[in-house]
Structure formats: C-alpha cells, structure tokens
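Data first, discussion second: the structure below is written as structure tokens.
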Amino acid sequence: MTIEVLILHYIQEKRQKPSHANELLDYIQQEYMSGKLSIFQYRSLCQDLYFRGAKQTNSV
C-alpha cells in the first residue's frame, strides 16, 4: 500500500482529509491492530510517515 492509497482509505472512513502525518500514523496503528494491515505494510507505511514528519504518540 502506498501513502496515496492510505490517504484515500482514510478519507473514505473518516470523511475528511488528514491534516497531518500524525493522523495517518494513528490510523495505520488502528488498522494494524485490527488485522487489516500486515506487519510489512505497517512498517513500510510507518517509515514513510516518519520521513514525512509524523511522530509517535502513546495513544495505542
């Protein structure tokens, strides 16, 4: 999954655009925990989001 596809999934579910990479990071954490993303997809997306400025929070 690419960041572009991730953003489309986010928009479809949340009915709004993400305002920051942190929102996408929280979203993929939820998706991974619910089994919708593999560990490989999760790690790849995390790496890309960290590169784009996302920061880990302790919400999960």
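The values are calculated or read from the model by the stated rules, or taken from the named source; none is laboratory data. Quick caveat: nothing in here was measured; it's all calculated off a predicted structure. Neighbour counts run over all protein chains shown; Cβ positions are idealised from the backbone, glycine included. Heads up: the accessible areas ignore ligands, DNA and RNA and are worked out on the full protein's heavy atoms, side chains in. Shrake-Rupley method; radii C 1.70, N 1.55, O 1.52, S 1.80 Å.
Remarks
- If you go through the range 11-42 and keep only what is assigned to a helix (DSSP H, G or I) and of a type in the set (G, A, S), you end up with just A21.
- Cβ pairs under 6 Å, 6+ apart, first in the range 19-43 and without any contact (Cβ under 8 Å) to a residue 12 or more places away in the chain, second part of a helix (DSSP H, G or I): Y32/Y42
- Among the residues of the range 20-60, those that are in contact with a helix residue (DSSP H, G or I) (Cβ under 7 Å, 6 or more places away or on another chain), among the small types (G, A, S) and over 13 Å from L6 (Cα atoms) comprise G53, A54, S59.
- Enumeration of residues in the range 27-40 that are closer than 20 Å to K55 by Cβ and either of a type in the set (A, V, I, L, M, F, W, C) or surrounded by fewer than 16 Cβ atoms within 10 Å (Cβ to Cβ) (or both): I28, Q30, M33, L37
- Scanning the range 1-10 for residues that are assigned to a helix (DSSP H, G or I), over 13 Å from R52 (Cβ atoms) and either open to solvent by 70 Å² or more (accessible area, probe 1.4 Å) or of a type in the set (D, E) (or both) yields a count of 2.
- The range 43-60, subset at pLDDT 85 or above and assigned to a loop (DSSP other than H, G, I, E, B), residue surrounded by the most Cβ atoms within 10 Å (Cβ to Cβ): A54
- Restricting the first member to the range 1-17 and to residues that are within 13 Å of I28 (Cβ to Cβ), and the second to residues that are of a type in the set (V, I, T) and open to solvent by less than 70 Å² (accessible area, probe 1.4 Å), the beta-carbon pairs closer than 7 Å and six or more apart or on different chains are L6/I28.
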